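These notes are about the structure you will find just below.
Here, each number is a calculation from the coordinates, and none is a lab measurement. Owing to the predicted nature of the structure, the values given are computational and were not obtained by experimental measurement. Don't worry about glycine lacking a Cβ; one is built from the backbone with ideal geometry, like all the others, and counts go over all protein chains shown.
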């Protein structure tokens, strides 16, 4: 079984994914990390040197490789479900979970710097908040196609596990 965590950057896909994988005794895969390993450079460098179109194609290739995995929690990039036929592939291969976080909380999480994110580079304050709202509005339709919509700003992995239980039981887990 594959569990795909999707949502906007800063929604906690990687952090939640690691915790969930540990609790389920599943493997964990982070699409951005796998892409960085394959390309030998950071996501921001890939965007800068090769462009978003190249990045999205490479991201889809990484997803295709992951589809052959078993018992894995996958942290997807924020745009992964929105390009090519990635969302369809994920839904056919496993359960998709949208980690929904309000834009103001995303802006607060993303304004602290930390991991470089090419789509919001150099943005702060109201500009960052407005940009997040615009990007999120464009992606929300994709995210909402998920099997589970989980308000991750309000709940923890125990609540997520209870929502996943029927899917796990269906797989004989």
* Asked: Which FRET efficiency value, to the nearest 0.05, is calculated for residue 149 and residue 61 with the Förster distance at 25 angstrom and r the Cβ-Cβ distance?
  -> 0.35
* To do: Treat the count of other C-beta atoms within 10 Å as a stand-in for reagent exposure and order 76, 82 from fewest to most.
  => 82, 76
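Determine, for 143, 54, 167, 98, the number of other Cβ atoms within 10 Å of each Cβ, and report the residues in order from fewest to most.
Working: 143 22, 54 13, 167 16, 98 26.
Final ranking by Cβ density, sparse to dense: 54, 167, 143, 98.
Taking other Cβ within 10 Å of each residue's Cβ, how do 161, 4, 150 sort, fewest first? Before the final figure, lay out the partial values.
Values: 161 14, 4 30, 150 22.
Sorted ascending by nearby Cβ count, the order is 161, 150, 4.
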* Kirkwood Rh in Å, taken over all unlike Cα pairs in region 1-45 -> 11.6
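Output the relative contact order of the chain, whole-number percent, from Cα pairs under 8 angstrom with separation of 6+ residues. Numbers along the way, then the final one.
Numbers: 230 pairs, mean separation 57.5, N = 173.
In percent, rounded to a whole number, it is 33.
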* **Among [x] 138; [y] 106; [z] 153, the entry derived from the coordinates for volume of the Cα convex hull per residue in Å³** => [y]
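Working out 0.36 nm times the residue gap between residue 131 and residue 15, then minus their Cα-Cα distance, what length gain in nm do you get to one decimal?
On the way: separation 116, 0.36 × 116 = 41.76 nm, distance 2.35 nm.
Taking 0.36 nm per residue and subtracting the Cα distance, the gain is 39.4 nm.
Can you tell me the length gained on complete extension of the stretch residue 161 to residue 71, counting 0.36 nm per residue apart and subtracting the Cα distance? Mind dumping the intermediate values first?
Numbers: separation 90, 0.36 × 90 = 32.40 nm, distance 1.45 nm.
The span from residue 161 to residue 71 would gain 30.9 nm if fully extended.
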